[in-house]
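Peer 1: Structure incoming, see below.
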Amino acid sequence: MTFVPRNAAGDKRPDAPKIALPSGLMRRAVLLVFVLVACRGSKHPAPEPIKRDPHSFSEPSRVSVRHVGLDLTVDFDQRVLHGTAQLALARHDRSANLVLDVDGLAIASVRDCATHAALVFQHAPKKPVLGQALSIALAPATACVEIAYRTGPDASALLWVEPAGTVGKKHPMLFTQSQAIRARSWIPLQDTPGVRFTYDATIHIPDGLWAVMSATNPQSPPADHVWRFHMAQPIPSYLMALAVGELGFRALGPRTGVYAEPAMLDAAANEFVEVEAMMKTAEQLYGPYRWDRYDLLVLPPSFPYGGMENPRLTFLTPTVITGDRTLVSLIAHELAHSWSGNLVTNSTWSDFWLNEGFTTYVERRIMEALRGREAADILWYLGRKDLEQAFAKSGADRDTRLALELTADRDPDDVPSDAAYEKGALLLRTLEQAFGRTAFDAFLRRRFDRRAFQSTDTAAFETDLRSDLMARLPGKWSERALAAWIHEPGLPPSTPATTSRRVAELEAIATDFAKNASTFSTDGWQTLEWVIFLRSLPADIAPARLRTLDERHHLTASPNAEIAMYWLPLLVRADARDAAPTVERYLAHVGRRRMITPLYEAMVDKGEPWRTLAKKTFERAKPLYHPIVRDSIAKLVGR
Ligand code: BES
Ligand code: ZN
C-alpha cells in the first residue's frame, strides 16, 4: 500500500468561482497559480491510503499531476489530434521521474513549461492492455512539463464518424470515450482514477463545427473560432472528454440543456424535459450538485454505451430517444454519477462497484421520487433479470464478487460488470431495508460530503459502514452479511425480492400468448412494457407464434432500438430467415455494445447461415463501431 497526499480537491471549494480563460497569457497565469498551489500543498501532505492501480504505470505518491492545459488541433483528414499538453505537478519525492501512461502517442518533445528547456524522456516497452510508461526526467525546479505530441492511428478512445454516420450527413464527427483506461490514447496522463486534476483546453477545429468537452461549454460558437474550455473541479482522467461535430444547443432549464445535431434538437429536448426536475430530486436526496451545469450531448448511434457520465456533459446514445420518455432512467443514471463516481470515485477499477452499484441505486431512487414506486420497481426487476441471466452464464465465477482483484493483464472493459451494477445496487437496497430509509439516506449523504472529490476503495466503504451506520444502529446488520455481500461470489440468499404488479401482469400475458396465441390489448404500452413482455416469452417459443405477434404488432418494422434489441434475437433463435435484412440493417446502424452483443451472440450460437451472416455483417459494420465494440464483437464472431 502506498500513500498519496490529499487531492488538490481536499482544500478546494467545490463551488469555487469559475475562471474565464481567454488569452494564452491568462492560461499561463492560471497554470502558475496551480503550480504554486500544488507546491504549497506538497509541504503539508495529508496522507490518504490509496491502493496501487494495476492499470497505470504512474507513481502518484512521488509526483502527481494537478492541472492539465491542453492545446489541440483536430485533423479530420489525418484522423489525428495534435498539439501540446502542459501538466502542472506536485512533487512529493524530488528525486522521482514523472511517469505517465501513453498508448500509441507520438511524442515530439518534452519541455519545462517555465524555462522551455528540453527534458529527457523515455518509453518503456509496450505492454498488452496497458500501453506504455513514459518516463520524464525532471529538473530540480521543474513544476510543469509541456509535451508536444500527436495521437496514433488506432487511438482506442477516439471514434471518427464519417458524415454518413450522422443525421445531417454533411459533416464528420469525432468523439472520445476515455473510461476505463483509454484517456492515455489521446492525452499523456497519469491515467488512474486515483489521481484528480483540473483542466483547461484550447481546441482548434474546422469552421462550421462545434467542440464540446467535460467542462464549461459555450452555448454558441466563439467569435474567433477558437474553442476554450475550463474544468474548475478536479476530476480523474477517465472523465476527460471531447466531441466535435455539427451541433446545436437547446436550453432545458436554468442549469440544464442539450447539445445535438440540429435535426435532433427538437426530439431530444422533448425526450429530456424532466432533467431539471431530476436534478432537484437528486439534490434533495444527496446534497448539492457540485458541477454547476448539467448538459447532455446526443451522439450518433455508433456511441458504444447508453451513456457516459462526463462531468457537466453526459454523452448519450440517440437510441434513448424513443418519443415516449420511458428510457430516461438512463439520464437519471448518468446524473447520479455526479455524486457516485465523479464526486466520490473508485480508486482503481477493482472497486468499480463503488461507482456503478451506488449509481444504479441512486438512479432508482431518483426515478422513484420522479415517477413513483411502480416505475422504480420495474427498473429493479429488469436489473435483477440481467443479473440472474449473467450469473447463470458465468456460474459462481470470481467476477460475481463486488470487491475484485483485477490484474494488469485484464482490460477493465472486458470484465463482466453485472455484479458491479446490480449486485452492488442490491446491497445498498438491502442496507436501506435493514437500517430504514431515513437513516440510510442520511448515511449516503454524509459519505458524499465527507469523501467529496476523493478517490476511495471497498475497504474504506466497509470502514464507513462500521463506524457510522453499524455503530449508530447496532444489531441491524452483521459482519457476516457484509462479508458475504462484498467478498463472496453470487447473490446471498437474503437478497430482497424485486417484484412489481405491472411486471406480473405482463408476464402473465406473455405466458398465455406463448401457450394459446391469445389476443391482448396493448393500449398504453410503451417501450418498457414491450421489453418486459418480450423478455418474458419462453426461450423455445414457436416460430409461428412470433409470426403472429409480428403480424399483429409490427415489431420487425419498429424503429425503436430498445425493442429491436430483444425482438431480433428471438427471431434469430426461431431461425426466421426472412428477418435477415432487418438484422443486418440494425447491426449496421446501432453501435451500442449492450444492444448488439446479444444479437451477435444469438447468431453465432444458432449456427449456419446465421453465423456467416454475423461475420459478414460485422465486416461491413465494423468501421461504424467504436474500437471498444469492434474488439469485443471481433472476439465474439471469431475474427
Ligand atoms: N460509466 C458507464 C459506462 C462505462 C462503464 C464506460 C465502464 C466504460 C467502462 C455509464 O455510466 C453506464 O453505466 N452506462 C450504462 C447505462 C445504464 C446502466 C443505465 C450503459 O451504457 O449501458
Ligand atoms: Zn454508470
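The values are calculated or read from the model by the stated rules, or taken from the named source; none is laboratory data. Given the structure is predicted, the values throughout are model-derived calculations rather than measurements. Heads up, the Cβs are rebuilt from the backbone with ideal geometry, glycines too, and the neighbour counts pull from every protein chain shown. For accessibility, only protein heavy atoms count, side chains too; no ligands or nucleic acids. Shrake-Rupley method; radii C 1.70, N 1.55, O 1.52, S 1.80 Å.
Peer 1: So, in segment 340-353, of the ones that are within 12 Å of ligand 2 (Cβ to nearest atom) and outside any strand (DSSP E or B), which residue ends up most open to solvent (accessible area, probe 1.4 Å)?
Peer 2: Here the answer is Phe352.
Peer 1: Tally up the residues in segment 373-390 that are surrounded by 20 or more Cβ atoms within 10 Å (Cβ to Cβ) and farther than 15 Å from Tyr421 by Cβ, please.
Peer 2: Counting residues in segment 373-390 that are surrounded by 20 or more Cβ atoms within 10 Å (Cβ to Cβ) and farther than 15 Å from Tyr421 by Cβ gives 2.
Yes/no per residue for (1) within 16 Å of ligand 2 (Cβ to nearest atom); (2) of a type in the set (Gly, Ala, Ser); (3) within 22 Å of the chain's Cα centre (by Cα); (4) under 22 Å from Phe303 (Cβ atoms):
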position	(1), (2), (3), (4)
Val167	no, no, no, yes
Lys170	no, no, no, yes
Gln177	yes, no, yes, yes
Ala183	no, yes, yes, yes
Ile187	no, no, yes, yes
Val195	no, no, yes, no
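Peer 1: Shifting gears a bit: Pick out the one residue from Arg111, Arg91, Arg150 that is under 26 Å from Pro311 (Cα atoms) and surrounded by 16 or more Cβ atoms within 10 Å (Cβ to Cβ).
Peer 2: That would be Arg150, the only listed residue that is under 26 Å from Pro311 (Cα atoms) and surrounded by 16 or more Cβ atoms within 10 Å (Cβ to Cβ).
Peer 1: From Leu316, Leu335, Leu370, Leu327, which residue is buried (at least 24 other Cβ atoms within 10 Å of the Cβ) and more than 11 Å from ligand 2 (Cβ to nearest atom)?
Peer 2: Leu316
Peer 1: Would you pick out the residues in segment 222-241 that are among the polar types (S, T, N, Q) and open to solvent by less than 10 Å² (accessible area, probe 1.4 Å)?
Peer 2: Ser237
Peer 1: Note down all Cβ pairs under 6 Å where the first residue falls in segment 572-583 and is open to solvent by 70 Å² or more (accessible area, probe 1.4 Å), the second is in a helix (DSSP H, G or I), and they're at least six residues apart or on different chains.
Peer 2: Qualifying pairs under 6 Å: Arg573/Ala602.
Peer 1: A further question on this structure: Is segment 245-256 home to any residue that is more than 19 Å from Pro218 (Cα to Cα) and modelled with pLDDT of 95 or more?
Peer 2: The answer is no, given that none of the residues of segment 245-256 is more than 19 Å from Pro218 (Cα to Cα) and modelled with pLDDT of 95 or more.
Peer 1: Go through segment 331-354 residue by residue and tally those that are among the acidic types (Asp, Glu) and away from ligand 1 (no atom under 11 Å from the Cβ).
Peer 2: Qualifying residue count, segment 331-354: 1.
Peer 1: Checking the condition outside any helix (DSSP H, G or I) and under 25 Å from the mean Cα position of the chain (by Cα), which residue from Ala460, Ala497, Ala452 passes?
Peer 2: Residue meeting the stated conditions: Ala452.
Peer 1: For segment 475-492, does any single residue satisfy the condition of being more than 29 Å from Ala375 (Cα to Cα), open to solvent by 30 Å² or more (accessible area, probe 1.4 Å), modelled with pLDDT of 95 or more and touching a strand residue (DSSP E or B) at 6+ places or on another chain (Cβ under 6 Å)?
Peer 2: Looking through segment 475-492, none of the residues is more than 29 Å from Ala375 (Cα to Cα), open to solvent by 30 Å² or more (accessible area, probe 1.4 Å), modelled with pLDDT of 95 or more and touching a strand residue (DSSP E or B) at 6+ places or on another chain (Cβ under 6 Å).
Peer 1: Which one is nearest to ligand 2 (Cβ to nearest atom), of the residues in segment 584-602 that are assigned to a helix (DSSP H, G or I) and open to solvent by 10 Å² or more (accessible area, probe 1.4 Å)?
Peer 2: Selected residue: Arg594.
Peer 1: A follow-up question, please. Out of curiosity, is Asp523 open to solvent by 70 Å² or more (accessible area, probe 1.4 Å), modelled with pLDDT of 95 or more and not basic (Lys, Arg)?
Peer 2: Answer is yes for this residue.
Peer 1: What are the residue pairs meeting all of these: first residue in segment 587-612, first residue modelled with pLDDT of 95 or more, second residue polar (S, T, N, Q) and assigned to a helix (DSSP H, G or I), Cβ atoms under 8 Å, and 6 or more apart or on different chains?
Peer 2: That search, which allows pairs on different chains as well, returns Leu587/Thr617; Ala588/Thr617; Val590/Thr319; Arg592/Thr319; Arg593/Ser632; Met595/Thr319; Thr597/Ser632.
Peer 1: Let me ask something else about it. Among (1) open to solvent by 10 Å² or more (accessible area, probe 1.4 Å); (2) within 13 Å of ligand 1 (Cβ to nearest atom); (3) out of contact with any Lys or Arg (no Cβ under 7 Å at 6 or more places or on another chain), there is one condition Val362 misses while meeting the rest; what is its number?
Peer 2: For Val362, the exception is condition (1).
Peer 1: Hey, another quick one. Of everything in segment 400-413, what is among the acidic types (Asp, Glu) and within 19 Å of the chain's Cα centre (by Cα)? Give them in sequence order.
Peer 2: Correct list: Asp411, Asp413.
Peer 1: Restricting to segment 251-272, name every residue that is within 23 Å of the chain's Cα centre (by Cα) and not in a helix (DSSP H, G or I).
Peer 2: Leu252, Arg255, Thr256, Gly257, Val258, Tyr259, Ala260, Glu261, Phe272 - these are the residues of segment 251-272 that are within 23 Å of the chain's Cα centre (by Cα) and not in a helix (DSSP H, G or I).
Peer 1: For a quick check of your reading of the model, give me the residue pairs whose first member lies in segment 409-420 and is in contact (Cβ under 8 Å) with a residue 12 or more places away in the chain, whose second is within 16 Å of ligand 2 (Cβ to nearest atom) and open to solvent by 40 Å² or more (accessible area, probe 1.4 Å), with beta-carbon atoms closer than 8 Å and at least 6 apart or on different chains.
Peer 2: So the pair list comes out as Pro412/Phe352; Val415/Phe352; Ser417/Phe352; Asp418/Asp386; Ala420/Phe352.
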